[in-house]
1. Going by the conditions given, is Glu215 within 15 Å of the chain's Cα centre (by Cα) and outside any strand (DSSP E or B)?
2. Which pairs turn up if I take residues in segment 8-22 that are free of Cβ contacts under 8 Å to residues at least 60 places away in the same chain and look for partners that are surrounded by fewer than 22 Cβ atoms within 10 Å (Cβ to Cβ) and of a type outside the set (A, V, I, L, M) with beta carbon separation below 7 Å, at least 6 apart in sequence or on another chain?
3. Hey, any hits in segment 74-91 for a residue that's outside the structural domain of Leu150 (by TED's automatic domain parsing), free of Cβ contacts under 8 Å to residues at least 60 places away in the same chain, surrounded by fewer than 16 Cβ atoms within 10 Å (Cβ to Cβ) and under 18 Å from His181 (Cα atoms)?
4. Report yes if some residue within segment 26-34 is among the aromatic types (Phe, Trp, Tyr), at pLDDT 95 or above and not assigned by TED's automatic domain parsing to the domain that holds Ala135; otherwise report no.
5. So which residues in segment 155-196 are among the β-branched types (Val, Ile, Thr) and more than 19 Å from Arg231 (Cα to Cα)?
6. So, in segment 105-131, how many residues would count as being among the hydroxyl-bearing types (Ser, Thr, Tyr) and closer than 11 Å to Asp149 by Cα?
7. Quick one: Leu69 ticks every box in (1) crowded, with 19+ Cβ neighbours inside 10 Å; (2) under 16 Å from Arg18 (Cβ atoms) except a single one, so which number is it?
8. Pick out the one residue from Pro156, Pro141 that is of a type outside the set (A, V, I, L, M), more than 21 Å from Tyr49 (Cα to Cα) and not assigned by TED's automatic domain parsing to the domain that holds Arg46.
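The values are calculated or read from the model by the stated rules, or taken from the named source; none is laboratory data. As the structure is a computational prediction, the values presented were derived from the model and not from experiment. As a convention, Cβ positions derive from the backbone with ideal geometry for all residues, glycine included, and neighbour counts pool all protein chains shown.
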Amino acid sequence: MSVEVLLFDVFGTVVDWRTTLIRQLEQFGRDHRFQADWIALADDWRAAYEPAMKKVRDGERPWTSLELLHRESLDGLLTRHGLSELNDEQRRRLVLFWHFLDPWPDSLQGLERLHRKYILGTLSNGGVRLLADMARYARLPWDVILSSDLFRRYKPDPAVYLGAAELLDTRRDNVMLVAAHNYDLAAARKQGFKTAFVPRPTEYGPRQSRDFKAESDWDYVAADFADLAGRLGA
């Protein structure tokens, strides 16, 4: 299999957004003496992610960055969670929490092994600055950051996958997408990418209802990044 590049979904696949976000929100509450159900806020905030992007995908609104979508979703949730008194600076700080998420325990070691053999990069709906901040914070060894910002489209729009291969100056079948989400892999495969599934069955906590296992015959199905590195001979 002539794979040159591994591109990674980031939220949920590489980083544990839920655990990190809950910890950050709880610390924020202690620092500023706000009380709320921070776990519910984190879960509700993430639940707003897909509907917000869908409006952009469906043409109901023009291109809007994930940074702005995160802020709009947060503003809509704060009253429900008894936090309407947060000022603009505090709200901006909460949105920045998405820039600084912890990797899953296997991510760094697995990525370092894979980096010895492959070009590594992101293929994420997160913005360029968000992904750069996260890479510096979590020490993620990306060679390239590919973001929805570059294509002004959100996955699973075909333009994201086609644009990534074009920017990397390689054939689509030389690129493998690594993801914990079956829908993302299905979209990548339709555009000629190779595929690798790594399950993250605790990504959404008790709200998780999908992606517990591979739902198709992906090129690779691995238990974690270390297992994937072994399967790929890294």
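1. On the way: within 15 Å of the chain's Cα centre (by Cα): no; outside any strand (DSSP E or B): yes.
Against the criterion (within 15 Å of the chain's Cα centre (by Cα) and outside any strand (DSSP E or B)), Glu215 does not qualify.
2. Ile22/Trp38
3. Looking for residues that are outside the structural domain of Leu150 (by TED's automatic domain parsing), free of Cβ contacts under 8 Å to residues at least 60 places away in the same chain, surrounded by fewer than 16 Cβ atoms within 10 Å (Cβ to Cβ) and under 18 Å from His181 (Cα atoms), one finds none in segment 74-91, hence no.
4. Step one: filter segment 26-34 for residues among the aromatic types (Phe, Trp, Tyr), giving 28, 34.
In the following step, the residues that additionally are at pLDDT 95 or above were identified as 28, 34.
If we keep only those that are not assigned by TED's automatic domain parsing to the domain that holds Ala135 too, we end up with 28, 34.
Looking through segment 26-34, at least one residue is among the aromatic types (Phe, Trp, Tyr), at pLDDT 95 or above and not assigned by TED's automatic domain parsing to the domain that holds Ala135.
5. So the first thing to find is which residues in segment 155-196 are among the β-branched types (Val, Ile, Thr), and the list is 160, 170, 175, 178, 195.
Answer for segment 155-196, where residues must be among the β-branched types (Val, Ile, Thr) and more than 19 Å from Arg231 (Cα to Cα): Val160, Thr170.
6. The first filter runs over segment 105-131 and keeps only residues among the hydroxyl-bearing types (Ser, Thr, Tyr), leaving 107, 118, 122, 124.
From the residues that got through so far, the ones that are closer than 11 Å to Asp149 by Cα too are 124.
So the answer is 1.
7. Only one criterion is unmet by Leu69, namely (2).
8. Numbers: Pro156 fails: more than 21 Å from Tyr49 (Cα to Cα).
After applying the criteria, what remains is Pro141.
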